[in-house]
């Protein structure tokens, strides 16, 4: 498995993603610069990491979407390559049109940094097949994580089983109190119709090493090994 991690000006989780990729058996990772106009020929997956690309000017992900490397990321996804966006990476994927919807300001209009519980809605996808728990715990750190889409899009996501994670309480119940940012239907992560592009606001790379006291996120990265 060859994984590329895009580094934008303002990325701050790129090294975390590279580190987690290095923990996977038979996995190799490489940093991709935002000005790159070509990709390594042998990539299996591209990760758009968390952070504050271009300082979140205009709105989160709006400028990064026009980085030269994103043209190649879009082509890579269109060819069937696997792409995962984490936090700011999720925002970039929606700006680039690779995922539907948008990430709006949190309903409390404040930056939120804490652990949340997530219910795993499917374990038969390229991004969840190695996740063994029905409820996982991961940190969030965002000011614009409120997932929004029009009614038809939300219905399609539900009907087509493309919502992979929802914010819940520790027992897996979707309550208003368990929703940290106001996301519609408690949505925390979705994939595209083809099943090769995935975005989530919580940070699995910050919950993938025993030294951090939490490995609940490692299953997401381990799932990618089954795709190569």
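Here, each number is a calculation from the coordinates, and none is a lab measurement. Just so you know, these numbers come straight off a predicted model, no measurement behind them. Cβ atoms come from the backbone with ideal geometry, glycine included; neighbour counts cover every protein chain shown.
Assorted remarks:
- Shown for 23, 164, 109: other C-beta atoms within 10 Å of each C-beta, ranked fewest to most, produce the order 109, 23, 164.
- From the coordinates shown, percent of Cα pairs over 29 Å apart corresponds to which of (i) 17; (ii) 37; (iii) 29: (i)
- When the Cα gyration tensor is reduced to axis lengths a ≥ b ≥ c, the ratio a/c is 1.5 or higher for the range 104-228, and with a/b not above b/c it is classed as oblate.
- Part-to-part distance (alpha-carbon centres) for the range 33-66 and the range 114-128, which is given in Å: 23
- Antiparallel DSSP beta bridges within the chain, as percent of all bridges there, nearest 5: 60
- Pair residue 150, residue 175: separation of 7 Å Cα→Cβ label points (nm): 3.5
- Pairwise centroid distance, computed over Cα atoms, of the range 165-191 with the range 130-151, Å: 7
- Value at 222 nm in deg cm²/dmol, rounded to 500, when DSSP H runs of n ≥ 4 in the chain each add -39,500 (n - 2.57): -5500 deg cm²/dmol
- For the pair residue 135 and residue 108, a Förster radius of 35 Å applied to the C-beta separation gives a FRET efficiency near 0.90, rounded to the nearest 0.05.
- Model label points for residue 44 and residue 31, set 7 angstrom from Cα along the Cα-to-Cβ axis, are 2.3 nm apart.
- Taking a ≥ b ≥ c as the square roots of the eigenvalues of the Cα gyration tensor, the range 1-93 is oblate, since a/c reaches 1.5 or more and a/b is not larger than b/c.
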